1. Can you work out ³J(HN,Hα) from phi for every residue in the stretch 80-94, in order, using Karplus 6.51 cos²θ - 1.76 cosθ + 1.60 and θ = phi - 60°, giving whole Hz and x for Gly and Pro?
2. Can you sort Val138, Val97 from fewest to most other Cβ atoms within 10 Å of each residue's own Cβ?
3. Which cross-chain or sequence-distant (5 or more) residues have an amide H under 5 Å from the amide H of Leu219, H modelled 1.01 Å from N in plane?
4. Based on the alpha-carbon gyration tensor of the chain and its eigenvalue square roots a ≥ b ≥ c, which shape applies: rounded if a/c is under 1.5, prolate if not and a/b is larger than b/c, or oblate?
5. Going by the alpha-carbon gyration tensor, a ≥ b ≥ c the square roots of its eigenvalues, is the stretch 1-99 rounded (a/c under 1.5) or, if a/c is not under 1.5, prolate (a/b greater than b/c) versus oblate?
6. Find the relative contact order for the stretch 151-245 and round it to a whole percent, using C-alpha pairs within less than 8 Å whose residues are 6+ positions apart.
7. Please list, in chain and number order, the residues 5+ apart from His32 or on another chain whose amide H is under 5 Å from its amide H, with Hs placed from the backbone.
8. From the phi angles alone, apply the Karplus equation (6.51, -1.76, 1.60; θ = phi - 60°) to the stretch 25-30 and give each ³J(HN,Hα) in whole Hz, x where the residue is Gly or Pro.
Amino acid sequence: MAAIVLVPGFWLGAWAWQDVTPQLRAMGHHVHPLTLAGLADRASEATPDVDVYTHVNDIVRVIEENDLRDVVLVGHSGGSVPVTGAADRIPERIARVVYVDAGPLPNGMAVIDFNRTQTQEEWRKQVEEEGEGWRLPVPPFDPEVEPDSLAGLTSGHLAQMREMATPQPFATATRPLDRPTAPPDTPCSVIASTFTPEQVHMLANSGNPIFGPMAQMDLRHLPTGHWPMFSRATELATLLDEIAR
């Protein structure tokens, strides 16, 4: 059985994996859901200096202090960036990286750069007006505004997300990850929820620098919204179990 480290996306903490973690443990895996600095139960650690490298250090520290080896390192959404950085730093401890509705960003690209220009402008405005200049406020999680992203979520899911999500230190979105010239040859999987493997290959064939590397990975499809740990927790746990074996 595998050591599985679960890293949540923006605004979330270890609590986001609460429906996935017990299922993976029942399958026999050693599971470590993480809360990154400045979020959820670690919200008191939030400062303007918390950035993507702070979160890389968090992941590396948990793996090394627990002497975890042959780790299946799972990153959802924005958590994919520090997961990539951690896998680059300690490749000898990582058996596989799994990206949940995400993929590795090219060298020098930050999370904010992956978003549409309109979204980037909205984020910067929200940070200045509501986030004291350094925190990205929690989104409203409104299915009328984001029907595709929030597909499959119940009213209970949405209420919990609104209640438990915490503002995201903005430097985690604006500071890019500098990757090695020759990244480690660590096996990678993608669990795609809001896009399909066919779309990945189509975009890769068009020369898209983000989806090009993803097309070479083990691609799995779990059709739902962007938050499968809530909307399809059992199916997500099953896929992670299959990938980890």
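1. 5, 6, x, 4, 4, x, 5, 5, 5, 7, 10, x, 5, 9, 9
2. Details: Val138 20, Val97 26.
The fewest-first ordering by Cβ neighbours comes to Val138, Val97.
3. Close amide H contacts, sequence-distant or interchain: Val190.
4. Working: a/c = 1.19, a/b = 1.17, b/c = 1.01.
Cα axes put the chain in the rounded bin.
5. On the way: a/c = 1.87, a/b = 1.26, b/c = 1.48.
Note, shape of the stretch 1-99 comes out oblate.
6. So the answer I get is 34 percent.
7. Answer set, sorted by chain and number: Ile4, Val5, Leu6.
8. Rounded to whole hertz, the list is 5, 5, 7, x, 7, 8.
Read-outs throughout are calculated quantities, based only on the coordinates presented, and are distinct from any laboratory measurement. In this text, all values refer to a predicted model and were calculated from it rather than measured experimentally. With ideal geometry, Cβ positions are generated from the backbone for all residues, glycine too; neighbour counts draw on all protein chains shown.
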